[in-house]
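Working notes for the structure below.
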Amino acid sequence: MLYSLEENGGIPDAQLVILTDGLLASDKDMLQACAKRKLHFIDIEGDLLSKISKLRTTSYWSRATYARLYLPELIADRHCRMLYLDADTLIRKSLAPLFDLALDGKAVAAVPYDDPARFNPPLARAASTPYFNAGVLLVDIDAWNAQDYTARINKLLQSRSFDFLDQDVLNLATEGNFFHLAGCWNAQKGWEDYSEASIVHFTHAKPNTKECEHPEKATYLEYRKQTPWRSARLITKRDRRIRTLLRSIRRKWQWFAAFAR
Ligand SMILES: [Mn+2]
């Protein structure tokens, strides 16, 4: 994602902020090697960690997913426009148009799903209320603050747990009132022609895995050749099971160590 952003993103003056959870200094050096400009890292710790550490997670969505909710108050420039991008995206074309778009006073712009009825019933609202994918999120921070989104989100997070975690929370906070971006800004599974997409989003199998048959996997691997991950082998289902197991052992051990202190 980072390498393709530098290559095709067309926003050389934008500040790049990376949210990290438990990365080593050597991991950060490898990420930095993918970028031309200096990266700013925000580690999930302290206040931010205490806000999200007890929230619901799943085997495929870690607590880090919630951290994006707090980005508007974490980044230094409080009056800018922020573009949040998932790590499982690939940037194919200039992102500059997103920074010139008139958002009509809306705090959030995103790509709506064609089938909102899939998401809305558990949220106790009308099935047809627009619902967006949160992997590509354009935020006008002034409008976000004017409409007290962070406070709304805090209240929602304390009220219950959500099937789609922070994505449900963001959608509830906007109450269906968000700017609708064209699908090419978050081209997900089933998109007809990826050469027309500005941002490809690998929402299902990830392109660094053996099982992935996504048409853009080859593009991803081409870009990856230019990064420190150039010779990494493709991950298998077995690798992932082992990784998940190790992660859960490490979490339990951390809990035990904290308890024993
Ligand atoms: Mn994603």
Restricting to the range 38-71, name every residue that is without any contact (Cβ under 8 Å) to a residue 60 or more places away in the chain and hydroxyl-bearing (Ser, Thr, Tyr). SER50, SER53, TYR60, SER62
If a residue counts only when it is away from the ligand (no atom under 16 Å from the Cβ) and of a type in the set (Gly, Ala, Ser), which strands (runs of 3 or more DSSP E) contained entirely in the range 29-116 have at least 1 such residues? 108-112
For the range 151-164, check the following and say yes or no: at least one residue is modelled with pLDDT of 95 or more, within 16 Å of the ligand (Cβ to nearest atom) and part of a loop (DSSP other than H, G, I, E, B). no
Those residues of the range 194-221 that are buried (at least 19 other Cβ atoms within 10 Å of the Cβ), part of a loop (DSSP other than H, G, I, E, B) and in contact with a Ser or Thr (Cβ under 9 Å, 6 or more places away or on another chain) come to a total of 3
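Every residue, every condition in (1) of a type in the set (D, E, K, R); (2) within 22 Å of ASN154 (Cα to Cα); (3) under 19 Å from the mean Cα position of the chain (by Cα), yes or no:
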residue	(1), (2), (3)
ASP13	yes, no, no
HIS40	no, no, yes
GLY46	no, yes, no
SER50	no, yes, no
THR58	no, yes, yes
THR65	no, yes, yes
TYR84	no, yes, yes
PRO112	no, no, yes
ARG118	yes, no, no
Going through the range 169-182 in order, the residues found to be more than 15 Å from the ligand (Cβ to nearest atom) and either of a type in the set (A, V, I, L, M, F, W, C) or not in a strand (DSSP E or B) (or both) are VAL169, ASN171, LEU172, ALA173, THR174, GLU175, GLY176, ASN177, PHE178, PHE179, LEU181, ALA182
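With PRO228, PRO207 as the choices, which residue is within 14 Å of the ligand (Cβ to nearest atom) and more than 25 Å from ASP140 (Cα to Cα)? Before you say what the answer is, go through the steps one by one.
On the way: PRO228 fails: within 14 Å of the ligand (Cβ to nearest atom).
The unique qualifying residue is PRO207.
From the list LEU103, LEU74, exactly one residue is closer than 18 Å to TYR149 by Cα and at pLDDT 95 or above. Which is it? Lay out the reasoning, then the answer.
On the way: LEU74 fails: at pLDDT 95 or above.
Every option except LEU103 fails the conditions.
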Determine the pairs where a residue that is touching a residue at least 60 places away in the same chain (Cβ under 8 Å) and closer than 21 Å to ALA96 by Cβ, located within the range 129-149, has a partner that is away from the ligand (no atom under 13 Å from the Cβ) and of a type in the set (Phe, Trp, Tyr) with Cβ atoms under 9 Å apart, the partner being 6 or more residues away or on another chain. VAL136/TRP185; VAL139/TYR149
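For every residue, the table says whether it meets (1) surrounded by 15 or more Cβ atoms within 10 Å (Cβ to Cβ); (2) aliphatic (A, V, I, L, M); (3) touching a residue at least 24 places away in the same chain (Cβ under 8 Å); (4) under 23 Å from HIS201 (Cα atoms).
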residue	(1), (2), (3), (4)
ASN8	yes, no, yes, yes
SER26	no, no, no, no
ASP29	no, no, no, no
LYS36	no, no, yes, yes
I'd like to know if the range 7-15 contains one or more residues that are modelled with pLDDT of 95 or more and touching a helix residue (DSSP H, G or I) at 6+ places or on another chain (Cβ under 6 Å). yes
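The values are calculated or read from the model by the stated rules, or taken from the named source; none is laboratory data. All values derive from a computational prediction rather than experimental measurement. Backbone-built Cβ (ideal geometry, glycine too); neighbour counts: all protein chains shown.
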